[in-house]
1. Please specify each residue of region 47-57 satisfying the condition of being touching a residue at least 24 places away in the same chain (Cβ under 8 Å), part of a helix (DSSP H, G or I) and among the aliphatic types (A, V, I, L, M).
2. Applying the selection to region 18-35, what residues are part of a helix (DSSP H, G or I) and either buried (at least 17 other Cβ atoms within 10 Å of the Cβ) or under 8 Å from the mean Cα position of the chain (by Cα) (or both)?
3. Has region 45-56 got at least one residue that is surrounded by fewer than 16 Cβ atoms within 10 Å (Cβ to Cβ), of a type in the set (Phe, Trp, Tyr) and out of contact with any His (no Cβ under 7 Å at 6 or more places or on another chain)?
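Computed from the coordinates by the stated procedures, all read-outs in this text should not be read as laboratory data. Here the structure is a predicted model, which means the values were calculated and not measured. Heads up, the Cβs are rebuilt from the backbone with ideal geometry, glycines too, and the neighbour counts pull from every protein chain shown.
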Amino acid sequence: MNTPVPEVAKQKQGMAIAGLVCGLVAFLFLPPVLGTLGIVFGAISWKAGNKLGMAACIVSIVGLIVGMIFGAMMAM
């Protein structure tokens with residue numbers, strides 16, 4: 001029933017989680033830096049076959065865009 005998870009999949013899962021965290025934080029803090037990092041981490045994980053990596057990419061892209069818009073509105 002319980003199949004062991006390969007070590008590579010565990011590493012890529014960590015990259016996906018890091019991408020999600022960066023993407024979520026990018027909504028409020030340093031969107032260009034954290035959004036880009038989230039996209040990179042998510043893409044690495046996604047390419048390794050981790051579905052969570054795709055979610056990390058999407059969240060990071062949205063966080064980058066919304067964070068930049070929010071920052072521009074606050075500067076006015």
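1. Of the residues in region 47-57, the ones touching a residue at least 24 places away in the same chain (Cβ under 8 Å) are 48-50, 52-53, 55-57.
Those still in the list that are part of a helix (DSSP H, G or I) too: 52-53, 55-57.
Across region 47-57, the qualifying residues are 52, 55, 56.
2. Narrowing region 18-35 to residues part of a helix (DSSP H, G or I): 18-25, 31-35.
Hits for region 18-35 are 18, 19, 20, 21, 22, 23, 24, 25, 31, 34, 35.
3. Within region 45-56, not a single residue is surrounded by fewer than 16 Cβ atoms within 10 Å (Cβ to Cβ), of a type in the set (Phe, Trp, Tyr) and out of contact with any His (no Cβ under 7 Å at 6 or more places or on another chain).
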